[in-house]
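Working notes, structure below.
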Amino acid sequence: MSDIKNKIEELSKQLEEHNYNYYVLSNPTISDYEFDKMLEELIRLEKEHPGYLRGDSPSQRVGGQITKEFKSVKHKYPMLSLSNTYNEGEVRDFDERIRKAGLTDQEYVCELKYDGVSISLTYVKGELVQAVTRGDGEKGDDITANVKTIKSIPLKLRGTGFPDEFEIRGEIFMPKKEFLRINEEMRKQLIEEGYDEEEIFEKQLKNPRNATSGTLKQQDSKAVAERKLDCYLYSLLGENLPHSSHYENLLEAKKWGFRISADMEKVSSVEEILKYLEKWDKKRHNLEVETDGVVIKVNSYEHQKFLGFTAKSPRWAIAYKFKAQQVSTVLNEITYQVGRTGAITPVANLKPVQLAGTTVKRASLHNADIIEKLDVRLGDTVFVEKGGEIIPKIIAVDLSKRDLFIESAGPTQYITHCPECGTALVRSEGEANHYCPNEDGCPPQVKGKIEHYVSRRAMNIDSLGGETIAQLFDAGLIRNIADLYELKKEDLLKLDRMAEKSANNLLAGIEASKQIPFERVLFAIGIRHIGETTAKKLAHSFKSIDVLMQASVETLLEVGDIGERIANTIVEFFANHEHAAIINRLRQHGLQFELSEEQMSNASDKLKDKTFVVSGVFSKFSRDEIKKMIEQNGGKNVGSISGKTSYVLAGENMGPEKLKKAEKLGVPIITEDEFIKMVE
Ligand code: IVH
């Protein structure tokens, strides 16, 4: 047995060493393949011998622990924030205040201010025991399991000389490259699932900081492990730290295996601070991480203590914020995009300009109000800014560059008619966007509806992609989803790049969709605001489209989670004769418009594979009613108790023999109330 223990220890040690080489030193010495093999071996051994699984085992980095609710933990030392400065003068003032306090020969440490999520890590006897978020500064969330998946954070320290117990704080971030990779993948996936640009934009990660905090809040640590987060540590707290100054302690922490940024510098005058700021204002764009400023700290702990704190922040440190990068360029044209839902998005087409390492040609103008507020006009010179966001913003017009010609043209007139189909636009009370109401005739809306219909989560006709839909639409072969079922092979073969085989595939895919269950058909037909969950609920409550089509707003409101907006949309949708006609045609083609017999008899599959023995007298339901509920939820009733019985449902006066048998076989005995909870 102790051989196994040794083997586990040896593997753990080697794997941690390789992790350190790879993630902290950026100097791997074995291949990924070899690493994975060793890790697999460790995981296998730990599974077979769970007694030897340690909290600091490298296998913890793979994740898999589920946290329902993060425990709230009080910080031993509060996590404060820093006061911000925005220009040279304010930095000089900071230095001046310190001098006035009598500290004239000051050592400062300049560090980059990484833009992520701050974390406090506690180590006891060299082992990571707790990782807590900042929270409100007093109390934060215990996200230890998630943090253990971050490869550059040591689970076990190296070297010697660390205190028995201490905290180290830093910033968890998502490297720019990882952020772009995830968004790119998400985009591909969403296109495949039939989402349009507007929706994709809504769903994508907005900036690396949000992405980091979203990732760390995941309940499944495996999901955290899949996103490559990283961490820089920037401050040590504890009783017996090796040095009495900040910089020297960080260098020490580096020897213990922590990732300390090589970009920090110790300086001894305000002039040197300013040099650091100037250098990084330019250089920061080449870093793998987003930074939004510099943190300047007094190095000596004794001086820090002497300077103390204000209510919110230390007097011994400040943050200097870089100016967001701006450029000015000319607005050449405003174009208007029509989304799948008919929402209009105005887009600024700019004279191409370099900004923060990319060429900017377009910027979103959001809606009519924003255009009016900015008073932006064609030909204007505009300031464009790129913060952490992916899409640049127009922040103002450079009025000094506005000539008389532009001036005399007057404010930009928002379009009144749809650029795609010419229908007059509408704007509902309280809504920011204009809409094209021509749902069933406006080309991008029609194509979008069909794309949604065939998408994976709806009818899953994967032989039909966005390009083919556009071709079919342009050739006049489809105008709505029912037309799909009337496509002929000879028509398809006339299309560009459509060979016999793809035509057959396409028709087979369409044919197969006739078997898709009612709830997904209901989602696929694209009633506004009806997502998968609502469609499922409606299908199970109304059981067939005929009943649903007859339902009034009041009846719909009785279904849980359906509010007035959705109820009205449903009634309006079916009141439209064209929609009713399309549904009739689909029905004639054999689509599923009611629950299957199996679904009718199984209200749910909550009790799937479970067997019950029901015995005794019940207070809320009769025994027969209870037995029926078991069946409706996919469970099975059996007459006598055996080792295979999942539950004994016990009422009043249940026979003592049965009770004894259940207890002997270890079959759980549940009450009527407990049963009701199971099927609720
Ligand atoms: S020191 C007492 N150093 O900025 C303050 N903070 O407003 C201790 N941050 O919440 C913070 N890089 O999340 C410090 N090198 C750095 C930092 C840094 C980023 C963040 C941190 C903190 C916020 C301060």
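Brief remarks on what is shown
- In the range 262-276, the residues that are closer than 21 Å to GLU171 by Cβ and either surrounded by fewer than 18 Cβ atoms within 10 Å (Cβ to Cβ) or of a type in the set (D, E, K, R) (or both): ALA262, ASP263, GLU265, LYS266
- The number of residues in the range 216-233 that are aliphatic (A, V, I, L, M) and either in a helix (DSSP H, G or I) or modelled with pLDDT under 90 (or both) comes to 4.
- Qualifying residue in the range 165-173 (condition: modelled with pLDDT of 95 or more and more than 16 Å from the ligand (Cβ to nearest atom)): yes
- When LEU190, LEU180 are checked against the criterion of being away from the ligand (no atom under 15 Å from the Cβ), in contact with a helix residue (DSSP H, G or I) (Cβ under 6 Å, 6 or more places away or on another chain) and without any contact (Cβ under 8 Å) to a residue 24 or more places away in the chain, LEU190 stands alone in meeting it.
- Within the set ILE318, ILE296, ILE260, the sole residue that is touching a Cys at 6+ places or on another chain (Cβ under 6 Å) and within 13 Å of the ligand (Cβ to nearest atom) turns out to be ILE296.
- Where LEU236 falls short, out of the listed (1) under 21 Å from LEU82 (Cβ atoms); (2) not in a strand (DSSP E or B): (2)
- Residues that are surrounded by fewer than 17 Cβ atoms within 10 Å (Cβ to Cβ) and out of contact with any helix residue (DSSP H, G or I) (no Cβ under 6 Å at 6 or more places or on another chain), drawn from the range 11-29: LYS13, GLN14, GLU17, ASN21, LEU25, SER26
- Candidate set from the range 40-77 (those that are modelled with pLDDT under 90 and touching a strand residue (DSSP E or B) at 6+ places or on another chain (Cβ under 6 Å)); member that is nearest to SER120 (Cα to Cα): ASP56
- Boolean, GLU107 is acidic (Asp, Glu) and modelled with pLDDT of 95 or more: yes
- Residues that are in a helix (DSSP H, G or I), closer than 23 Å to ILE260 by Cβ and among the aliphatic types (A, V, I, L, M) within the range 16-66 comprise just one, VAL24.
- Unique match (being more than 16 Å from the ligand (Cβ to nearest atom) and not aromatic (Phe, Trp, Tyr)) among GLY159, GLY140, GLY116, GLY135: GLY159
- HIS589 surrounded by fewer than 17 Cβ atoms within 10 Å (Cβ to Cβ), within 27 Å of LEU522 (Cβ to Cβ) and in contact with a helix residue (DSSP H, G or I) (Cβ under 6 Å, 6 or more places away or on another chain): yes
- Filter result for the condition that a residue is of a type in the set (Ser, Thr, Tyr) and either within 31 Å of the chain's Cα centre (by Cα) or buried (at least 20 other Cβ atoms within 10 Å of the Cβ) (or both), over SER428, SER408: SER428
- Where SER213 falls short, out of the listed (1) within 16 Å of the ligand (Cβ to nearest atom); (2) at pLDDT 95 or above; (3) of a type in the set (Gly, Ala, Ser): (2)
- Any hit, the range 443-450, residues being surrounded by fewer than 17 Cβ atoms within 10 Å (Cβ to Cβ), over 28 Å from ARG377 (Cβ atoms) and either in contact with a Phe, Trp or Tyr (Cβ under 7 Å, 6 or more places away or on another chain) or modelled with pLDDT of 90 or more (or both): yes
- Elements of type strands (runs of 3 or more DSSP E) in the range 257-352, at least 2 residues being charged (D, E, K, R): 265-267, 291-298
- In the range 286-299, the residues that are without any contact (Cβ under 8 Å) to a residue 24 or more places away in the chain and on the phi > 0 side of the Ramachandran plot form no Cβ pair under 6 Å with any partner that is near the ligand (Cβ under 10 Å from one of its atoms) and not aromatic (Phe, Trp, Tyr), whether six or more places apart or across chains.
- Screening LYS514 with (1) of a type outside the set (Val, Ile, Thr); (2) at pLDDT 95 or above; (3) surrounded by 16 or more Cβ atoms within 10 Å (Cβ to Cβ) gives one miss only, at (3).
Every residue, every condition in (1) of a type in the set (A, V, I, L, M, F, W, C); (2) surrounded by 15 or more Cβ atoms within 10 Å (Cβ to Cβ), yes or no:
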site	(1), (2)
ALA363	yes, yes
LYS373	no, no
VAL376	yes, yes
THR381	no, yes
VAL384	yes, yes
PRO392	no, yes
LEU399	yes, no
LEU404	yes, no
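- The range 611-622, subset at pLDDT 85 or above and out of contact with any helix residue (DSSP H, G or I) (no Cβ under 7 Å at 6 or more places or on another chain), residue surrounded by the most Cβ atoms within 10 Å (Cβ to Cβ): VAL613
- Members of the range 359-405 that are more than 15 Å from THR329 (Cβ to Cβ) and among the basic types (Lys, Arg): LYS373
- Subset of the range 43-79 that is among the acidic types (Asp, Glu) and over 27 Å from the mean Cα position of the chain (by Cα) - its residue that is nearest to the ligand (Cβ to nearest atom): ASP56
- Candidates LYS608, LYS658, LYS627: the one that is surrounded by 15 or more Cβ atoms within 10 Å (Cβ to Cβ) and closer than 28 Å to PHE518 by Cβ is LYS627.
- Taken over the range 249-283, residues that are within 20 Å of GLY126 (Cβ to Cβ) and either touching a residue at least 12 places away in the same chain (Cβ under 8 Å) or more than 36 Å from the chain's Cα centre (by Cα) (or both) amount to 10.
- Number of positions in the range 652-671 that are in contact (Cβ under 8 Å) with a residue 24 or more places away in the chain and more than 12 Å from PHE612 (Cβ to Cβ): 6
- Residues (within 16 Å of the ligand (Cβ to nearest atom), surrounded by fewer than 18 Cβ atoms within 10 Å (Cβ to Cβ) and among the hydroxyl-bearing types (Ser, Thr, Tyr)) located in the range 80-111: SER81, SER83, TYR86
- Counted residues, the range 661-680 - those being crowded, with 16+ Cβ neighbours inside 10 Å and either at positive phi or out of contact with any helix residue (DSSP H, G or I) (no Cβ under 9 Å at 6 or more places or on another chain) (or both): 3
- Subset of the range 30-60 that is buried (at least 19 other Cβ atoms within 10 Å of the Cβ) and hydroxyl-bearing (Ser, Thr, Tyr) - its residue that is farthest from GLN130 (Cα to Cα): SER59
The values are calculated or read from the model by the stated rules, or taken from the named source; none is laboratory data. None of these values were measured; they are calculated from a predicted model. Note that each Cβ is placed from the backbone with ideal geometry, even for glycine, and that neighbours are counted across all protein chains shown.
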